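Let me begin by presenting the structure, written as structure tokens, before commenting on it.
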Amino acid sequence: MRIVVKIGSNVLTRADGTMDVTRMSALVDQVAALRREGHQIIIVSSGAVASGKSIIPCEHPLDKAEQRQLFSAVGQVLLMSHYSTFFRDYGINVGQVLTVKENFSTPYERENVSHCMEAMLENGVLPIVNENDTVCLTELMFTDNDELSGLVAQLMQADKLIILSNIDGLYDGDPSLVGTKLIPRVRVGEDLSSYISVTKSSAGRGGMQSKCHTALEIAACGIDVLIANGKRENILIDLFCPDADVPHTEFTR
Ligand code: GLU
């Protein structure tokens, strides 16, 4: 199977805002295990802005765009250096793919991106994709990395898209209230508006609304989408093990 795994900023960030390298290392172990089973994996990883923010003391007043540019420029290097170190333990080379919205806008641009990732996969290199946050501003930006992961899954004709967040999936109400239930399966065409909270991610730009929007759109193309909790131990392995019965929401056609 070809699987796109999207890892959200909240998964890779601790409560104090620093990068959760222990979590990242655990996810790398699981991705390496899935590759050993013969799956092809593409990672879409957020966390550049969050990790840059945690190490750069902001001494000068900067507007939102400047902050994002500064933090992502520093944080993306840190992010990739951790991924590269952890994957090297398994003999896996990683490659960085930084994209802007325009890279998906025309058939020529799309082909260019897909050729690049196909060449990586053919040569055993694991692509790690993120938005090029240092140069993308306003209308040039993706809505968030959920949207980007959907575009990558479609472009690369993935069999599955797994969106890892810090929540188990889609709930039928406020997850902090007693009695609220996780929705295990959603079919394309279902109206989810009454379930979805518009609360945004604290560390990244996404939120459940955007995840569901992407999930429905991608599932409609025949690619199954799973939203699951990246903070759960062994989540990626358990999602492939029917006996594990791990909580998640699956979107199918
Ligand atoms: N590209 C951003 C980053 O790496 C994250 C965008 C998002 O949260 O979706 O920090």
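Sorting the segments 147-154, 118-125 by their mean number of nearby beta carbons within 10 angstrom, highest to lowest, gives 147-154, 118-125. As a fraction of the 1.4 Å probe accessible area of the chain, surface on carbon and sulfur atoms comes out at 51 percent. Simple spin-label estimate for N112 and V21 gives 3.6 nm between the two label positions (7 Å along the Cα-to-Cβ direction from each Cα). Working value for the chain: equivalent-ellipsoid semi-axes of 25, 22, 20 Å, each the square root of 5 times a Cα gyration tensor eigenvalue, largest first.
Largest GNM mean-square fluctuation across G230, G91, G17, computed for the chain with C-alpha springs under 10 Å, falls on G91. With protein chains left intact and a 1.4 Å probe, residues in the chain average 48 Å² of accessible area per residue.
Over the Cα atoms of segment 25-167, the radius of gyration divided by the Kirkwood radius equals 0.97; this is the Rg/Rh ratio. Counting Lys and Arg as +1 and Asp and Glu as -1 over every other residue whose Cβ lies under 13 Å from the Cβ of V188, the net charge comes to -2. Using Cβ point charges alone (K and R +1, D and E -1), the dipole size of the chain about the Cα centre works out to roughly 220 debye. Placing unit charges on each Cβ (+1 for Lys and Arg, -1 for Asp and Glu) gives segment 1-121 a dipole about its Cα centre, and among G75, P107, T22 the Cα reaching farthest toward its positive end belongs to T22. When only the Cβ of Lys, Arg, Asp and Glu is charged (+1, +1, -1, -1), the dipole of segment 108-253 relative to its Cα centre reaches about 280 debye.
For a modelled paramagnetic label at E37, 7 Å from Cα along Cα-to-Cβ, the residues of segment 204-248 in reach, with backbone nitrogen under 17 Å, are 224-230, 232-248.
Peptides 71-77, 235-241, ordered by how many other C-beta atoms sit within 10 Å of their residues on average, highest first, read 71-77, 235-241.
The alpha-carbon atoms of segment 122-204, seen along their principal axes, cover 47, 31, 24 angstrom, with the largest extent given first. Counting only Cβ charges, +1 for Lys and Arg and -1 for Asp and Glu, the dipole size of segment 63-178 around its Cα centre is about 360 debye. Both radii come from the Cα set of segment 71-130: Rg as radius of gyration, Rh as Kirkwood radius; their ratio Rg/Rh reads 1.03. Taking every lysine pair in the chain that is 8 or more places apart or spans two chains, those with Cα atoms closer than 26 Å amount to 29. The share of C-alpha pairs in segment 1-60 whose separation exceeds 18 Å stands at 42 percent.
Residues whose amide H falls under 5 Å from that of I162, counting only those 5 or more places apart or on a different chain, are V4, V5, K6, L226, with hydrogens built in the peptide plane.
The values are calculated or read from the model by the stated rules, or taken from the named source; none is laboratory data. Because the structure is predicted, anything quoted here is derived from the model rather than measured. Neighbour counts run over all protein chains shown; Cβ positions are idealised from the backbone, glycine included. Accessible surface is based on the protein model in full, side chains and every heavy atom, while ligands, DNA and RNA are left aside. Shrake-Rupley method; radii C 1.70, N 1.55, O 1.52, S 1.80 Å.
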